[in-house]
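The values are calculated or read from the model by the stated rules, or taken from the named source; none is laboratory data. Remember, it's a predicted structure, so these values are computed and weren't measured experimentally. Note that each Cβ is placed from the backbone with ideal geometry, even for glycine, and that neighbours are counted across all protein chains shown. For the accessible areas, the whole protein counts, side chains as well, though only heavy atoms, and no ligand, DNA or RNA atoms are used. Shrake-Rupley method; radii C 1.70, N 1.55, O 1.52, S 1.80 Å.
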Amino acid sequence: MTSFAATTGGADAAAAAAHARSGRSIGVVVPRLARFAEPLPLACGRVLPEFELAYETYGTLAADASNAVLICHALNASHHVAGHYAGEPDNVGWWDNMIGPGKPLDTDRFFVIGVNNLGSCFGSSGPSTVNPATGAPWGADFPLVTVEDWVDAQARLADRLGVRQFAAVMGGSLGGMQALSWAVRYPDRIRHALVIAAAPNLSAQNIAFNEVARQAILTDPDFHDGRFEAHGVKPRRGLRIARMIGHITYLSDEQMEDKFGRELRDGLKFSFAPEFQIESYLRHQGEKFAEYYDANTYLRITKALDYFDPASTAGGSLARALAPAVCRFLVVAFTTDWRFAPARSREIVKALVDNHRDVSYAEIAVPHGHDGFLLDDPQYLAVVGAYCDRIAAEGAGAAHAAPGAGAPGPGSG
């Protein structure tokens, strides 16, 4: 096992956004939609008879398709990972500081794929897309999906793009869980897994936060059992509260204190209006979220988070659950992340070491909490960049399969 340690104050979100708009961006990108007519069995027991996946690609696929990297997104992100859309210079991909020419994941060397998960509201089949059986939006009828379902769908997309084996699968938070699932579910189709700010499962506290957020939506009078579109309304109040709850867990106490403290907006008013700056900030974040996000999607993606637990199918042993993985790993955690604390990442590392796997671990000291994986911390980007250099240096010759294995995992084409 190789271990990295890094300490830095990091940059704030504004600095990260400025970096994303710099000349090092890959520039204008175009979203695509892949349609699949083959049925997709789901973990819940239902089957999607057909489905669509929204995705974007950056860089050039090598002739032998050996340089492909899959990016898996977190809860409220999408396939728009890097660059910007024509005529929308401020619509920058959520990981643009990580991906592009000369950046840690260099698109002059790698062919990068960003994909939107099933059940999302950003283009892939989900509650807000049309159910081909009815001609109307799926809404509340869209099935519950899991991380494993997403990985199986992504494998279909890889087949469509001619990628038999990924150089790496990479993601932060819920995206890191997908990278971990790829390593177990399709061991012969991935050479490296970059698992960032993730956990092997959610703690009871994390499930509790998700449930409170879901209840805010489910008890909103405008929710109508998920059929709110038929009533011409949207459960904005529930979505606002859900986002406020979630946003608190993404930030560290240190960052909230430094950024807001007990600062008042305009003195004491002795009212329930937002008097403190932190109150105003959370309400602003909630309002923005409620305008663009789908309530049925929020319910399903938080449930997918809750359900993820590879050890549950291996008698509770994470080491046994990760035994099929044969790829190399980079696991990254952030010291102030209390949602997915470093101890949870170290559980993953220990399980991999117990299986004698090649794993590098970095614990980055930043003040940003869980959101640290999105920001422009130089030490964090340097660690990922150094690991990506290693991947590029290995090239196609590093491909390997599990001893005695060779058959693709479930859902492979």
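Any idea what the dipole of the range 76-165 comes to, in debye rounded to 20, about its Cα centre with Lys/Arg Cβ at +1 and Asp/Glu Cβ at -1?
My answer is approximately 220 debye.
Using Stokes-Einstein with the Kirkwood hydrodynamic radius over Cα pairs, what translational diffusion coefficient do you get for the range 238-362 at 10 °C and a viscosity of 1.306 mPa s, in µm²/s rounded to a whole number?
89
Taking amide H positions as placed 1.01 Å from N in the peptide plane, with prolines and chain starts having none, which residues 5 or more places from ARG328, or on another chain, fall under 5 Å of its amide H?
HIS192, ALA193
From the Cα gyration tensor of the range 346-395, with a ≥ b ≥ c the square roots of its eigenvalues, which class applies: rounded if a/c is under 1.5, or else prolate if a/b is larger than b/c, or else oblate?
oblate
First measure r as the distance between the Cβ atoms of GLU394 and VAL212, then evaluate 1/(1 + (r/R0)^6) with R0 = 35 Å and state the FRET efficiency to the nearest 0.05.
Details: r = 45 Å, r/R0 = 1.28.
Calculated value: 0.20.
Which of these, VAL383, VAL163, VAL28, has the largest mean-square fluctuation under a Gaussian network model of the chain (Cα springs below 10 Å)?
VAL28
Taking N as the number of residues in the chain, what is its Cα Rg relative to 2.2 N^0.38 Å?
Rg over 2.2 N^0.38 Å, computed on Cα atoms: 0.96.
Which peptide among 251-257, 329-335 comes first, and what is the full order, when sorted by highest mean count of other Cβ atoms within 10 Å?
329-335, 251-257
Roughly to the nearest percent, how much of the accessible area of the chain is carbon and sulfur, given a 1.4 Å probe?
Working: 9020 of 16390 Å².
Ligands and nucleic acids excluded, carbon and sulfur give 55 percent.
Please compute the per residue accessible area over the range 220-260 with all protein chains in place, 1.4 Å probe, rounded to a whole number of Å².
So the range 220-260 comes to 54 Å² accessible per residue, rounded to a whole number.
Starting with the highest mean, order 31-40, 315-324, 96-105 by the number of other Cβ atoms within 10 Å, averaged over the residues of each peptide.
Peptide ranking by packing, descending: 96-105, 315-324, 31-40.
Specify which residue in the list LEU202, HIS370, CYS44 is farthest towards the positive end of the charge dipole of the chain, using unit charges on the beta carbon of Lys, Arg (+1) and Asp, Glu (-1), about the Cα centre.
The one lying farthest along the dipole's positive direction is CYS44.
So how do 227-237, 170-180, 140-150 stack up, highest first, on mean other-Cβ count within 10 Å? Walk me through the intermediate numbers first.
Working: 227-237: 15.8, 170-180: 28.3, 140-150: 21.5.
Packing proxy ranking, top to bottom: 170-180, 140-150, 227-237.
Run lengths n ≥ 4 of DSSP H only: what is the helix-derived mean residue ellipticity at 222 nm for the chain, with -39500 (n - 2.57) per run over all residues, to the nearest 500?
Values: 11 runs with 136 residues, N = 413.
Taking each H run of at least 4 residues, the total per residue is -10500 deg cm²/dmol.
Once you keep just the Cα pairs under 8 angstrom separated by 6 or more residues, what percentage relative contact order results for the chain?
Working: 864 pairs, mean separation 92.2, N = 413.
Answer for the chain is 22 percent.
Return an integer: the convex hull volume of the alpha-carbon atoms of the range 182-262, in Å³ per residue.
Convex hull volume per residue, Cα atoms: 182 Å³.
Subtract the Cα-Cα distance of ARG46 and GLU275 from 0.36 nm times their separation in residues, and report this length gain in nm to one decimal.
So the extension gain works out to 77.6 nm.
How much accessible area per residue does the range 350-396 have, in Å², with a 1.4 Å probe?
With all protein chains present, the range 350-396 gives 34 Å² per residue.
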